[in-house]
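The values are calculated or read from the model by the stated rules, or taken from the named source; none is laboratory data. Owing to the predicted nature of the structure, the values given are computational and were not obtained by experimental measurement. A quick note on method: Cβ atoms are made from the backbone with ideal geometry, for glycine too, and the neighbour counts reach across all protein chains shown. What goes into the accessible areas is simple: the full protein's heavy atoms, side chains included, and nothing from ligands, DNA or RNA. Shrake-Rupley method; radii C 1.70, N 1.55, O 1.52, S 1.80 Å.
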Amino acid sequence: MGELGIVVPAVLAGLTTGAIYALVALGLTLIYGVLHIINFAHGSLLMLALYAAFFLKTLWGIDPYAAVFVLGPAFFALGYVLQRGVIWPASHGQDSMILMVTLGLSIVIDNLALALWTSSTRTVDLPYAFAVIDLKLALIPLPRAVAFVAALAAAGLLWLFLARTDLGRAIRAVAKERLGAQLVGIDVRHVYAMCFGLGTACVAVAACLLLPTFYVTPQVGHAFVLVAFTTVVLGGMGSMEGALIGGLVLGVVETLCGLFLGESLGQIGIFAIFILILLFRPTGLFGGKSA
Amino acid sequence: MNALLEVENLVAGYGQTEILRSVSVAVAEGEIVSLLGSNGAGKTTFNHAVAGTLAPRGGLMRFAGKDRTGAPTTQMVAEGLIQVPEGRRVFPNLSVRENLWLGGYRRGSARRTDNLARVVGIFPRLGERLTQLAGTLSGGEQQMLAIGRGLMAEPRLLILDEPSLGLSPLLVEEMFGLIRGLNAEGLAILLVEQNVVQSLEIAARAYVMENGAIVASGSAAALRDDPALKKAYLGM
């Protein structure tokens, strides 16, 4: 019973972290599933969004949760313009070159952040940062509960958009049958840019939910993007439901490993799973299914 | 009859390879024209250049009297030049209903509802499978879906690329009957086929393509009796 008293809070904490992982991974898997490219700039964009949320709070006093409604659309636009104005023209539409362009972008963004904001670690002070919700079995920090609910809500909205709107159907059509999509009059370049925008909006929302309990440095994106890649591989490349479940699973694995192996070893579990998945089920849990 | 599609001296290719050397083809309103040729003659490249998925390198294309050389696919679809591609190219991860609905991507929502009812009327088998994923349909059903998706776009000219490919003889019969029926309602059709015998039966006129150029053209009846053509394509 004493054991359970430690495990339950750890699992709940893991689920809250996992929801953020899932949201970051959803953006990554959406871009992969439709554009068939791996976006190396994903982590850098997350870092940029964390800084944006940080400065909105410190300079203008805008609460990170309110910033979702500013940074979500702003980063959607940024992603749209990046894909349409930089990534697509610079790569001439070749997948292998897109890879290099996104890698180059991430290096540029990371170093710009380092030059502009130095490498010091920054955090925000929020009145509710240490508030907790009593769930009887465990106490959950309020910002984590908010992050969990909001991340799942964002994932749900994204799913609804893809399932129920014309553009969502067009996105799913382009993902599997690009020529067929062109021939019904879908503007494929617009769809690509929309996906990149949506993927970037996902990291912006994740950043706003993360900031109250996390910190910002120019390197902060790397940790998340590594986990996001693992999540995408675990769930099956390009699978939305896979990314969601994969993110939650990895969040729980991380806290449980942290609990039993020691705080600093939590991520060992994540990468052990990564290797096991690659060895035994390279298509992922939901691989081969349609996006 | 008024010319709907006029292609003059079209040149197109990929990279260093020039596939179409100088191709001229015309289709009138309400006409059914067949473009024949063996595998590799350049028929599919021609389709891509006309549909706007491949930029032409030379020549001229007019649609409904307006210069549309090199126009993007989005515009050609909006104006009613619709291609049903070789290999069907349906969206395997979407339901039959969603496939059809996306066929009307450039049309208003009210008209899409009407057109969906019309297409289901033509293909009752699709109506029975509206919620099924297109990837789980049989080859013949996928071909029907591809044509149904094309009809959802309210075509003025329907270009069918190898609609009989991979179908059983019975289904091929059904397919040609269907094409004839669509044409009887006034739809102009450009039928791109390897199946020479049946294509010449339903077409009014035909073109024969070889190595990226038109080598013979005329009324279907005249081409049927052309000794050289008989020898090359009909094995007689």
Looking at A:T17, is it touching a helix residue (DSSP H, G or I) at 6+ places or on another chain (Cβ under 6 Å) and within 17 Å of A:E254 (Cβ to Cβ)? yes
Criterion first (under 17 Å from B:G148 (Cα atoms) and either of a type outside the set (A, V, I, L, M) or within 14 Å of chain A (Cβ to nearest Cβ) (or both)) does B:L126 satisfy it? no
Within the range B:150-161, is there a residue that is among the small types (G, A, S), within 14 Å of chain A (Cβ to nearest Cβ) and under 23 Å from B:Q75 (Cα atoms)? yes
Could you pull out every one of the strands (runs of 3 or more DSSP E) wholly within the range B:1-45 that has 2 or more residues that are open to solvent by 10 Å² or more (accessible area, probe 1.4 Å)? B:3-14, B:17-28
Hey, could you check the range B:99-112 for residues that are without any contact (Cβ under 8 Å) to a residue 24 or more places away in the chain and open to solvent by 50 Å² or more (accessible area, probe 1.4 Å) and say which is nearest to the other protein chains (Cβ to nearest Cβ)? B:S109
B:R62 open to solvent by 50 Å² or more (accessible area, probe 1.4 Å), in contact (Cβ under 8 Å) with a residue 40 or more places away in the chain and not in a strand (DSSP E or B): no
Identify, from the list B:L165, B:L126, B:L191, the residue that is open to solvent by 30 Å² or more (accessible area, probe 1.4 Å) and either aliphatic (A, V, I, L, M) or at pLDDT 95 or above (or both). B:L165
Expected single match for out of contact with any Lys or Arg (no Cβ under 9 Å at 6 or more places or on another chain) and open to solvent by less than 10 Å² (accessible area, probe 1.4 Å) among A:V174, A:V253 is A:V174
Taking the range A:215-244, which residues are of a type in the set (S, T, Y) and under 16 Å from A:L158 (Cα atoms)? A:S239
Which one of these is farther than 18 Å from A:G221 by Cα and open to solvent by 10 Å² or more (accessible area, probe 1.4 Å): A:G14, A:G33? A:G33
Residues in the range A:177-212 that are under 16 Å from the mean Cα position of the chain (by Cα) and open to solvent by 20 Å² or more (accessible area, probe 1.4 Å) total 2
Restricting to the range B:76-98, name every residue that is outside any strand (DSSP E or B), more than 8 Å from chain A (Cβ to nearest Cβ), of a type outside the set (V, I, T) and more than 17 Å from the chain's Cα centre (by Cα). B:R97
Checked pairs for the range B:183-197, first in contact (Cβ under 8 Å) with a residue 40 or more places away in the chain, second loosely packed, with under 15 Cβ neighbours inside 10 Å, C-beta under 8 Å and 6 or more apart or across chains, list as B:Q194/B:S38; B:Q194/B:N39; B:V196/B:L234
Conditions first: (1) in contact (Cβ under 8 Å) with a residue 40 or more places away in the chain; (2) within 27 Å of B:P56 (Cβ to Cβ). B:L133 passes all but one, so which condition is the exception? (2)
A:A145 vs. criteria surrounded by 15 or more Cβ atoms within 10 Å (Cβ to Cβ), of a type in the set (A, V, I, L, M) and touching a strand residue (DSSP E or B) at 6+ places or on another chain (Cβ under 6 Å): yes
Counting only strands (runs of 3 or more DSSP E) entirely within the range B:120-236, those with at least 3 residues that are within 30 Å of A:A175 (Cα to Cα) and outside the structural domain of B:G108 (by TED's automatic domain parsing) are B:157-161, B:188-193
Checking B:P169 against (1) in contact (Cβ under 8 Å) with a residue 60 or more places away in the chain; (2) under 20 Å from B:R88 (Cα atoms), the condition it does not meet: (1)
Need a quick list: helices (runs of 4 or more DSSP H) entirely within the range A:88-201 having at least 2 residues that are away from every other protein chain (no Cβ under 14 Å). A:88-91, A:95-117, A:142-164
Please specify each residue of the range B:53-75 satisfying the condition of being touching a helix residue (DSSP H, G or I) at 6+ places or on another chain (Cβ under 8 Å) and at the interface with chain A (Cβ under 10 Å from one of its Cβ atoms). B:T53, B:T73
